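Report on the following structure.
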Amino acid sequence: MHELSIATAVVEACAERAAGARILRVRIEIGQLSAVLPDSLRFCFEVCAQGTAAEGAELEILETAGRAICETCGGTLALSSPYGRCDCGGLLRIVAGNELRVKDMEIA
Ligand SMILES: [Zn+2]
């Protein structure tokens, strides 16, 4: 399960950064094109956080919209899936929407 491995990595990274302090809140950025389901990730995070510094921490998810630039006409498009072509038939280069990172966190 995709979300479970991401949640594990997020919890580990946060616990390391917190260096023993209790984590109150974690904010992560998820691109709409990363195929991560926020609800599922939130649930996995809760499970993974048990017994760690992140136990009981609130997970705030910031979704970033998908955007691509057409390699042919240079136009910018909003994307809701990682597959698509420009109206001109050109290939798209994704410039936003693949993010998956811990933005910041609050510790006690
Ligand atoms: Zn185009």
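Out of THR64, THR52, THR8, one residue alone is surrounded by fewer than 19 Cβ atoms within 10 Å (Cβ to Cβ), touching a residue at least 24 places away in the same chain (Cβ under 8 Å), among the β-branched types (Val, Ile, Thr) and under 20 Å from PRO82 (Cα atoms). It is THR64. The residues in the stretch 67-108 that are assigned to a loop (DSSP other than H, G, I, E, B), in contact with a Ser or Thr (Cβ under 8 Å, 6 or more places away or on another chain) and surrounded by 13 or more Cβ atoms within 10 Å (Cβ to Cβ) can be counted, and the count is 5. In the stretch 32-88, the residue that is modelled with the lowest pLDDT out of those that are more than 30 Å from GLU12 (Cα to Cα) and of a type in the set (D, E, K, R) is ARG85. Only one of the numbered conditions (1) within 28 Å of THR8 (Cα to Cα); (2) within 16 Å of the ligand (Cβ to nearest atom); (3) not acidic (Asp, Glu) is not met by LEU91, and that is (1).
In the condition set (1) farther than 30 Å from ALA108 by Cβ; (2) part of a loop (DSSP other than H, G, I, E, B), GLY20 is compliant with all but (1).
The values are calculated or read from the model by the stated rules, or taken from the named source; none is laboratory data. Quantities reported herein were computed from a predicted structural model and do not represent experimental measurements. All Cβ positions, glycine included, derive from the backbone under ideal geometry; neighbour counts span all protein chains shown.
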